[in-house]
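Take a look at the structure set out below.
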Amino acid sequence: MWFLRSHLAETVSSIRGTLHNLFIFDWSGTISDDRRPVYEANQRMSAHWGIPPISYETWLPKTAMTVFDYFRDAGVTATDQEIWDLYTRTFNEINTENQLPTVYADARRALESLRTPDRTLTILSAHPQRNLTEEAERYGLAGLFDIISGDSRDKSEGIRFFLETLETPPDRAVYIGDTVNDMRHAHAAGIRRAAITTGYHSRPALEAERPDFIFDSLTELAEYFS
């Protein structure tokens, strides 16, 4: 994990012990809409391994799997690191072709309204750390988060690390995400789950996970917690 501030101790000393309400956000599909460039990256990776292309509409529900499980399910025998290296390289190539992720229009206003002295806003994402940091800065959102952490392979483990490090009880934390995996990892970590329906997975798919909250936008989420 990589943290936005130069030293984790600096972040912890200013946060822990105050029983802050901890908001842990996913990034892709929650704050940043990268569905099209991620789809293009997956299709180019499929071509690399001789896997037939599929439509965007067919691919989207398959994102319930990790990129590793997705390609293993398709018969790819590469290691996790080989899959990840190809993904990050391909995603960056697509970015250089001006197929860039875009920030959801209401993200800044919603995050600004959530950022109060008794709250800690963080990011825990599977998105490559370099891209996550660059996108947060490009969107002008980096300064709204106390911690920005990417490259997560196991979000439940990452959530537990946040809780322990920031000395936050599970009932004072909520994970906000847009996929069934987000909901499952937050449940496994024992914290509340807020589903956002504007990302990778549909409302029915998210409702089936029985999240604590379900919102159709970040604006709705911010209004609820205001």
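Every number here is computed from the coordinates shown, using simple stated rules; none is lab data. Computed from a predicted model, the values in this text were never measured in an experiment. Positions of Cβ are generated from backbone atoms using ideal geometry, with glycine treated the same way; all protein chains shown enter the neighbour counts.
Of note:
- Pairwise centroid distance, computed over Cα atoms, of region 28-93 with region 128-201, Å: 21
- Summing charges over neighbours of I214, with a neighbour being any other residue whose Cβ is under 10 Å away from its Cβ, gives -2 when K and R count +1 and D and E count -1.
- Rounded to the nearest 20 debye, the dipole magnitude of region 35-96 is 160 debye, with +1 charges on Lys and Arg beta carbons, -1 on Asp and Glu beta carbons, and the Cα centre as origin.
- Label-to-label distance, D106 versus E157, with points set 7 angstrom from Cα along the beta-carbon direction: 3.5 nm.
- Peptide packing: for 144-155, 25-36, 111-122, the average count of neighbouring Cβ atoms within 10 Å per residue gives the ranking 25-36, 144-155, 111-122, highest mean first.
- Across the chain, counting alpha-carbon atoms alone, Rg and Dmax equal 17.1, 53 Å.
- Whole-Å semi-axes of the ellipsoid equivalent to region 35-96 (Cα gyration tensor, √5λ, descending): 15, 15, 11
- Take the Cα of D80, step 7 Å toward its Cβ, do the same at A142, and the gap between the two points is 2.8 nm.
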